[in-house]
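J.: So that we are looking at the same thing, I have put the structure below in structure tokens.
The values are calculated or read from the model by the stated rules, or taken from the named source; none is laboratory data. This one's a predicted model, so the numbers in the text were calculated from it and none came from an experiment. Cβ: placed from backbone, ideal geometry, glycine included. Neighbour counts: every protein chain shown.
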Amino acid sequence: MEFTLVFHSIIRWAILLFGAWTVINALTGLASKRPYSANDNRSSLFFMIFCDVQLILGLILLFSNTWIDKIKSGMGPLMKDPTNRFFVVEHGMMMMIAWVLVHIGRSAVKKTTPENKHKKMLVFFGLAFLIIIISIPWPNRTEVARPLIRWFN
């Protein structure tokens, strides 16, 4: 399980990198009115792939750690504990919403007209990226703080 947790921590940085790249591509493409390019497509594809990998790792962590036992023992006590509530409910749900937005965004960008591709990119991937940033347990968050990179003990 430790490997999965460390890998989950490292993949976060790839998501942030590709998410930022995708949002910057959308902003610059929209501002300069440049045509949608293979680079734009590539950035959003990598963003989606790393989000998919992260989802799988997150689900492995959720179902193989003590989180499931806490859910089975009742949501009342779980919701009263800020740390448990964050990781089981808030973090998981917000990341799932971001994951859905990334997938809907990829599909919406493919289906829209060339002049609207950057706009769709910015809306879907920008919102997903914002949700991801908000939902990460950064070291400065008192109740749920986690290190920037987890290492093997």
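J.: Answer yes if at least one residue in segment 110-121 is buried (at least 18 other Cβ atoms within 10 Å of the Cβ) and within 11 Å of the chain's Cα centre (by Cα), and no otherwise.
T.: Scanning segment 110-121 turns up no residue that is buried (at least 18 other Cβ atoms within 10 Å of the Cβ) and within 11 Å of the chain's Cα centre (by Cα).
Rundown of residues vs (1) among the hydrophobic types (A, V, I, L, M, F, W, C); (2) out of contact with any Leu (no Cβ under 6 Å at 6 or more places or on another chain); (3) assigned to a helix (DSSP H, G or I), yes/no style:
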{"site": "Ile104", "(1), (2), (3)": "yes, yes, yes"}
{"site": "Ser107", "(1), (2), (3)": "no, yes, yes"}
{"site": "Leu130", "(1), (2), (3)": "yes, yes, yes"}
{"site": "Ile133", "(1), (2), (3)": "yes, yes, yes"}
{"site": "Pro137", "(1), (2), (3)": "no, yes, no"}
{"site": "Ala145", "(1), (2), (3)": "yes, yes, no"}
{"site": "Leu148", "(1), (2), (3)": "yes, yes, no"}
{"site": "Trp151", "(1), (2), (3)": "yes, yes, no"}
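J.: State the number of residues belonging to segment 37-76 that are surrounded by 14 or more Cβ atoms within 10 Å (Cβ to Cβ), polar (S, T, N, Q) and either modelled with pLDDT under 95 or under 16 Å from Ser9 (Cβ atoms) (or both).
T.: Residues meeting the conditions: 2.
J.: Pairs please, first residue from segment 7-22 and under 26 Å from Lys117 (Cα atoms), second anywhere and hydroxyl-bearing (Ser, Thr, Tyr) and crowded, with 16+ Cβ neighbours inside 10 Å, Cβ atoms under 8 Å, 6+ apart in sequence or on different chains.
T.: Phe18/Ser43; Trp21/Ser43; Thr22/Ser43; Thr22/Ser44
J.: Same structure again: For segment 1-41: of the residues being of a type in the set (D, E, K, R) and part of a helix (DSSP H, G or I), which is nearest to Lys110 (Cα to Cα)?
T.: The extreme case among them is Asp40.
J.: Considering only residues that are assigned to a helix (DSSP H, G or I) and among the polar types (S, T, N, Q), which ones fall in segment 53-101?
T.: Gln54, Ser64, Thr83, Asn84
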